[in-house]
Amino acid sequence: MCGNNYRKNYPMAAKCIENFSIYYGDCLDVEPVKKPKLILTDPPYATGKVQSRLGGERYADKETAEQISDKIETLCEKWFGVDTTLAVICDYRLAYPLVAKLTKFGLVLRGEIIWQFGLGAARKSWWPNKHNHILTFTETEASGQFDPSAIPRTKRIAESKGYPPDKPLGSVWEYTFSNTHSERVKYPNQKPLALLEPIVKAHTFESDLVFDPFMGSGSTGVASIRNGRRFIGCDIKKEACEIATERIKKELSNGV
Ligand SMILES: C[S@@+](CC[C@H](N)C(=O)[O-])C[C@H]1O[C@@H](n2cnc3c(N)ncnc32)[C@H](O)[C@@H]1O
(Lines give C-alpha, C1' and ligand atoms only; values in the text may rest on other atoms or scores of the structure.)
Protein backbone atom coordinates (compact mmCIF):
# COMPACT_ATOMS: atom_id res chain seq x y z
CA MET A 1 0.00 0.00 0.00
CA CYS A 2 2.62 2.54 0.93
CA GLY A 3 6.27 2.85 0.00
CA ASN A 4 7.65 3.85 3.37
CA ASN A 5 11.46 4.03 3.41
CA TYR A 6 11.60 5.52 6.86
CA ARG A 7 15.25 5.33 7.95
CA LYS A 8 18.43 7.24 8.64
CA ASN A 9 21.09 5.80 6.41
CA TYR A 10 23.34 8.03 4.27
CA PRO A 11 23.41 8.55 1.35
CA MET A 12 19.78 7.91 0.63
CA ALA A 13 18.36 7.50 -2.86
CA ALA A 14 14.81 8.78 -2.70
CA LYS A 15 12.52 6.43 -4.56
CA CYS A 16 8.79 6.69 -4.44
CA ILE A 17 7.60 3.53 -6.07
CA GLU A 18 4.24 3.50 -4.36
CA ASN A 19 2.41 6.25 -2.52
CA PHE A 20 4.96 7.83 -0.26
CA SER A 21 8.49 7.68 1.17
CA ILE A 22 9.74 9.40 4.27
CA TYR A 23 13.41 10.01 5.06
CA TYR A 24 14.82 10.78 8.49
CA GLY A 25 17.90 12.96 8.14
CA ASP A 26 19.29 16.12 6.60
CA CYS A 27 17.44 16.93 3.39
CA LEU A 28 20.74 17.56 1.61
CA ASP A 29 21.63 13.89 2.06
CA VAL A 30 18.65 12.60 0.11
CA GLU A 31 19.30 11.99 -3.57
CA PRO A 32 16.46 12.12 -6.10
CA VAL A 33 15.78 9.17 -8.36
CA LYS A 34 13.02 11.07 -10.16
CA LYS A 35 12.46 14.85 -10.34
CA PRO A 36 9.27 15.96 -8.57
CA LYS A 37 6.58 18.02 -10.30
CA LEU A 38 6.24 20.15 -7.17
CA ILE A 39 8.59 21.00 -4.32
CA LEU A 40 6.29 22.43 -1.66
CA THR A 41 8.06 23.30 1.55
CA ASP A 42 7.97 25.32 4.71
CA PRO A 43 11.58 25.59 5.91
CA PRO A 44 12.72 26.91 9.30
CA TYR A 45 11.96 30.63 9.72
CA ALA A 46 15.42 31.95 10.71
CA THR A 47 14.02 33.30 13.99
CA GLY A 48 17.10 32.19 15.99
CA LYS A 49 14.72 30.60 18.55
CA VAL A 50 13.54 27.12 19.44
CA GLN A 51 10.07 26.64 17.93
CA SER A 52 7.48 24.87 20.08
CA ARG A 53 3.78 24.21 19.90
CA LEU A 54 1.37 23.97 22.83
CA GLY A 55 3.60 21.69 24.90
CA GLY A 56 4.05 19.36 21.89
CA GLU A 57 7.09 18.91 19.61
CA ARG A 58 9.97 21.41 19.35
CA TYR A 59 12.68 22.10 16.79
CA ALA A 60 15.71 24.40 16.82
CA ASP A 61 15.38 27.29 14.35
CA LYS A 62 19.00 28.46 14.63
CA GLU A 63 20.14 28.82 11.03
CA THR A 64 20.33 32.23 9.39
CA ALA A 65 18.24 33.15 6.36
CA GLU A 66 21.46 33.03 4.31
CA GLN A 67 22.17 29.45 5.44
CA ILE A 68 18.61 28.29 4.73
CA SER A 69 18.65 30.00 1.32
CA ASP A 70 21.95 28.24 0.51
CA LYS A 71 20.36 24.89 1.41
CA ILE A 72 17.33 25.55 -0.78
CA GLU A 73 19.60 26.50 -3.68
CA THR A 74 21.52 23.21 -3.26
CA LEU A 75 18.22 21.31 -3.12
CA CYS A 76 17.14 23.00 -6.36
CA GLU A 77 20.41 22.00 -8.06
CA LYS A 78 19.55 18.37 -7.31
CA TRP A 79 15.78 18.23 -7.44
CA PHE A 80 14.59 20.81 -9.97
CA GLY A 81 13.35 19.36 -13.25
CA VAL A 82 12.35 21.19 -16.43
CA ASP A 83 8.69 21.30 -15.38
CA THR A 84 9.08 21.55 -11.61
CA THR A 85 7.43 24.27 -9.54
CA LEU A 86 8.96 25.30 -6.22
CA ALA A 87 6.60 26.79 -3.62
CA VAL A 88 8.19 28.08 -0.39
CA ILE A 89 6.19 29.20 2.63
CA CYS A 90 8.15 31.65 4.77
CA ASP A 91 8.05 35.01 6.49
CA TYR A 92 9.86 38.28 5.73
CA ARG A 93 13.12 37.03 7.27
CA LEU A 94 13.65 34.38 4.59
CA ALA A 95 11.55 35.75 1.72
CA TYR A 96 13.88 38.50 0.53
CA PRO A 97 17.25 36.69 0.83
CA LEU A 98 15.68 33.60 -0.78
CA VAL A 99 14.33 35.51 -3.78
CA ALA A 100 17.74 37.14 -4.26
CA LYS A 101 19.51 33.76 -4.02
CA LEU A 102 17.20 31.77 -6.28
CA THR A 103 16.81 34.38 -9.01
CA LYS A 104 20.61 34.70 -9.13
CA PHE A 105 20.74 30.91 -9.38
CA GLY A 106 18.52 31.20 -12.46
CA LEU A 107 14.99 30.43 -11.31
CA VAL A 108 12.11 32.72 -12.20
CA LEU A 109 9.96 34.12 -9.37
CA ARG A 110 6.45 33.59 -10.74
CA GLY A 111 4.26 35.00 -8.00
CA GLU A 112 3.41 35.42 -4.37
CA ILE A 113 0.42 34.55 -2.24
CA ILE A 114 0.12 36.13 1.17
CA TRP A 115 -1.41 33.94 3.88
CA GLN A 116 -2.83 36.19 6.59
CA PHE A 117 -3.27 33.90 9.58
CA GLY A 118 -4.61 36.16 12.32
CA LEU A 119 -3.84 33.67 15.09
CA GLY A 120 -1.73 34.63 18.14
CA ALA A 121 -1.02 37.94 19.85
CA ALA A 122 0.65 40.56 17.67
CA ARG A 123 4.17 41.43 18.80
CA LYS A 124 4.55 44.81 20.52
CA SER A 125 8.25 45.31 19.83
CA TRP A 126 7.68 46.08 16.16
CA TRP A 127 4.93 45.98 13.51
CA PRO A 128 2.78 42.85 13.68
CA ASN A 129 4.03 39.82 11.74
CA LYS A 130 0.80 37.98 11.00
CA HIS A 131 1.27 36.71 7.50
CA ASN A 132 3.42 34.28 5.51
CA HIS A 133 4.62 34.58 1.93
CA ILE A 134 4.08 31.67 -0.45
CA LEU A 135 6.65 32.24 -3.18
CA THR A 136 6.49 30.23 -6.40
CA PHE A 137 9.42 29.66 -8.76
CA THR A 138 9.88 27.81 -12.05
CA GLU A 139 12.78 27.27 -14.44
CA THR A 140 11.42 29.65 -17.08
CA GLU A 141 8.44 32.01 -17.51
CA ALA A 142 6.76 29.28 -19.56
CA SER A 143 7.52 26.14 -17.50
CA GLY A 144 5.54 24.69 -14.62
CA GLN A 145 1.90 23.67 -14.56
CA PHE A 146 -0.96 25.79 -13.27
CA ASP A 147 -4.64 24.89 -12.99
CA PRO A 148 -6.67 28.04 -12.22
CA SER A 149 -9.62 25.96 -11.01
CA ALA A 150 -7.52 25.16 -7.91
CA ILE A 151 -7.71 28.78 -6.71
CA PRO A 152 -9.84 28.79 -3.52
CA ARG A 153 -13.17 30.56 -3.86
CA THR A 154 -14.72 33.22 -1.70
CA LYS A 155 -18.30 34.40 -1.30
CA ARG A 156 -19.17 37.27 -3.60
CA ILE A 157 -20.47 40.16 -1.52
CA ALA A 158 -22.57 41.79 -4.22
CA GLU A 159 -24.61 39.06 -5.88
CA SER A 160 -26.32 41.40 -8.31
CA LYS A 161 -26.45 41.14 -12.11
CA GLY A 162 -26.61 37.32 -12.12
CA TYR A 163 -22.95 36.76 -11.18
CA PRO A 164 -22.22 33.38 -9.48
CA PRO A 165 -22.37 33.45 -5.64
CA ASP A 166 -18.62 32.99 -5.27
CA LYS A 167 -15.42 34.08 -7.02
CA PRO A 168 -11.71 33.10 -6.93
CA LEU A 169 -9.71 34.47 -4.00
CA GLY A 170 -7.14 37.15 -4.79
CA SER A 171 -3.51 37.01 -3.77
CA VAL A 172 -4.19 37.54 -0.05
CA TRP A 173 -5.70 34.46 1.60
CA GLU A 174 -7.10 35.08 5.04
CA TYR A 175 -7.51 31.88 7.01
CA THR A 176 -7.32 31.24 10.74
CA PHE A 177 -5.97 27.81 11.68
CA SER A 178 -7.26 27.64 15.24
CA ASN A 179 -5.34 25.89 18.01
CA THR A 180 -8.27 23.51 18.47
CA HIS A 181 -8.64 22.62 14.78
CA SER A 182 -9.11 18.86 14.26
CA GLU A 183 -6.01 18.72 12.00
CA ARG A 184 -3.70 19.97 14.76
CA VAL A 185 -0.97 17.53 15.88
CA LYS A 186 0.90 19.99 18.15
CA TYR A 187 3.80 20.36 15.71
CA PRO A 188 5.40 23.83 15.60
CA ASN A 189 4.51 25.83 12.47
CA GLN A 190 2.11 23.11 11.25
CA LYS A 191 0.40 24.35 8.07
CA PRO A 192 -3.31 23.88 7.35
CA LEU A 193 -4.46 21.66 4.50
CA ALA A 194 -6.70 24.50 3.33
CA LEU A 195 -3.50 26.32 2.38
CA LEU A 196 -1.56 23.37 0.93
CA GLU A 197 -4.22 21.52 -1.07
CA PRO A 198 -4.82 24.33 -3.60
CA ILE A 199 -1.06 24.53 -4.24
CA VAL A 200 -0.80 20.76 -4.77
CA LYS A 201 -3.84 20.75 -7.07
CA ALA A 202 -2.71 23.78 -9.09
CA HIS A 203 0.81 22.58 -9.85
CA THR A 204 0.44 18.79 -10.27
CA PHE A 205 -1.71 16.15 -11.93
CA GLU A 206 -2.87 12.96 -10.21
CA SER A 207 0.03 10.51 -9.58
CA ASP A 208 2.63 13.28 -9.93
CA LEU A 209 5.41 13.42 -7.36
CA VAL A 210 5.53 16.08 -4.62
CA PHE A 211 8.63 16.61 -2.46
CA ASP A 212 8.88 18.37 0.91
CA PRO A 213 12.47 18.53 2.20
CA PHE A 214 11.49 20.25 5.49
CA MET A 215 8.38 18.18 6.07
CA GLY A 216 7.66 18.65 9.80
CA SER A 217 4.43 16.86 10.69
CA GLY A 218 3.83 15.89 7.05
CA SER A 219 1.05 18.33 6.13
CA THR A 220 2.31 18.52 2.52
CA GLY A 221 2.26 14.71 2.43
CA VAL A 222 -1.34 14.55 3.65
CA ALA A 223 -2.40 17.22 1.10
CA SER A 224 -0.65 15.23 -1.66
CA ILE A 225 -2.00 11.79 -0.74
CA ARG A 226 -5.52 13.20 -0.24
CA ASN A 227 -5.42 14.39 -3.85
CA GLY A 228 -3.98 11.20 -5.38
CA ARG A 229 -0.39 12.49 -5.72
CA ARG A 230 2.76 10.65 -4.57
CA PHE A 231 4.97 12.11 -1.88
CA ILE A 232 8.58 12.14 -0.72
CA GLY A 233 9.26 13.88 2.59
CA CYS A 234 12.28 14.41 4.77
CA ASP A 235 12.94 15.79 8.23
CA ILE A 236 15.96 16.00 10.46
CA LYS A 237 13.79 15.21 13.50
CA LYS A 238 12.81 11.61 14.12
CA GLU A 239 9.59 12.65 15.88
CA ALA A 240 8.53 14.63 12.80
CA CYS A 241 9.06 11.54 10.62
CA GLU A 242 7.00 9.43 13.02
CA ILE A 243 4.13 11.93 13.15
CA ALA A 244 4.16 12.40 9.37
CA THR A 245 4.20 8.65 8.70
CA GLU A 246 1.25 8.13 11.03
CA ARG A 247 -0.73 10.99 9.47
CA ILE A 248 -0.12 9.80 5.91
CA LYS A 249 -0.96 6.18 6.71
CA LYS A 250 -4.18 7.35 8.35
CA GLU A 251 -4.98 9.42 5.26
CA LEU A 252 -4.35 6.39 3.01
CA SER A 253 -6.57 4.14 5.11
CA ASN A 254 -9.36 6.79 5.13
CA GLY A 255 -9.17 7.04 1.37
CA VAL A 256 -9.57 3.30 0.78
C1 LIG B 1 8.51 25.02 9.70
S2 LIG B 1 8.77 23.33 10.07
C3 LIG B 1 7.72 22.49 8.93
C4 LIG B 1 6.32 22.36 9.43
C5 LIG B 1 5.40 21.63 8.46
N6 LIG B 1 5.08 22.46 7.32
C7 LIG B 1 4.12 21.12 9.10
O8 LIG B 1 3.01 21.42 8.59
O9 LIG B 1 4.22 20.44 10.14
C10 LIG B 1 10.39 23.08 9.45
C11 LIG B 1 10.94 21.67 9.64
O12 LIG B 1 12.22 21.59 9.00
C13 LIG B 1 12.98 20.62 9.71
N14 LIG B 1 14.39 20.79 9.32
C15 LIG B 1 15.25 21.76 9.68
N16 LIG B 1 16.44 21.60 9.08
C17 LIG B 1 16.34 20.49 8.31
C18 LIG B 1 17.22 19.80 7.42
N19 LIG B 1 18.47 20.24 7.22
N20 LIG B 1 16.78 18.70 6.78
C21 LIG B 1 15.52 18.24 6.98
N22 LIG B 1 14.63 18.84 7.83
C23 LIG B 1 15.03 19.95 8.46
C24 LIG B 1 12.65 20.89 11.17
O25 LIG B 1 12.93 19.76 11.98
C26 LIG B 1 11.15 21.22 11.07
O27 LIG B 1 10.38 20.06 11.30
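Exactly one of (1) buried (at least 16 other Cβ atoms within 10 Å of the Cβ); (2) within 24 Å of ALA60 (Cβ to Cβ) is unmet by LYS186. Its number?
(1)
Working only within region 27-69, note down all residues that are away from the ligand (no atom under 11 Å from the Cβ), surrounded by fewer than 22 Cβ atoms within 10 Å (Cβ to Cβ) and of a type in the set (D, E, K, R).
Result: GLU31, LYS34, LYS35, LYS49, GLU66.
Go through (1) at pLDDT below 95; (2) closer than 30 Å to PHE205 by Cβ and name the single condition ALA46 misses.
Just one mismatch for ALA46, condition (2).
Of all residues in region 54-84, which are of a type in the set (Phe, Trp, Tyr) and in contact with a helix residue (DSSP H, G or I) (Cβ under 9 Å, 6 or more places away or on another chain)?
The one that is of a type in the set (Phe, Trp, Tyr) and in contact with a helix residue (DSSP H, G or I) (Cβ under 9 Å, 6 or more places away or on another chain): TYR59.
Is it the case that region 199-217 has a residue that's of a type outside the set (A, V, I, L, M), closer than 27 Å to ALA60 by Cβ and out of contact with any Phe, Trp or Tyr (no Cβ under 9 Å at 6 or more places or on another chain)?
Yes, region 199-217 contains a residue that is of a type outside the set (A, V, I, L, M), closer than 27 Å to ALA60 by Cβ and out of contact with any Phe, Trp or Tyr (no Cβ under 9 Å at 6 or more places or on another chain).
Being at pLDDT 95 or above, among the aliphatic types (A, V, I, L, M) and over 14 Å from GLU112 (Cα atoms) is the filter here; which residues of region 125-157 pass it?
Answer for region 125-157, where residues must be at pLDDT 95 or above, among the aliphatic types (A, V, I, L, M) and over 14 Å from GLU112 (Cα atoms): ALA142, ALA150.
Here is a list of conditions, (1) away from the ligand (no atom under 16 Å from the Cβ); (2) in contact (Cβ under 8 Å) with a residue 40 or more places away in the chain; (3) surrounded by 15 or more Cβ atoms within 10 Å (Cβ to Cβ); (4) of a type in the set (A, V, I, L, M), and VAL99 meets all of them except one; can you say which number that is?
In the conditions (1) away from the ligand (no atom under 16 Å from the Cβ); (2) in contact (Cβ under 8 Å) with a residue 40 or more places away in the chain; (3) surrounded by 15 or more Cβ atoms within 10 Å (Cβ to Cβ); (4) of a type in the set (A, V, I, L, M), VAL99 misses (2) alone.
The values are calculated or read from the model by the stated rules, or taken from the named source; none is laboratory data. Everything quoted here is computed from the prediction, not taken from an experiment. Here the Cβ is made from the backbone with ideal geometry for all residues, glycine too, and neighbour counts use every protein chain on show.
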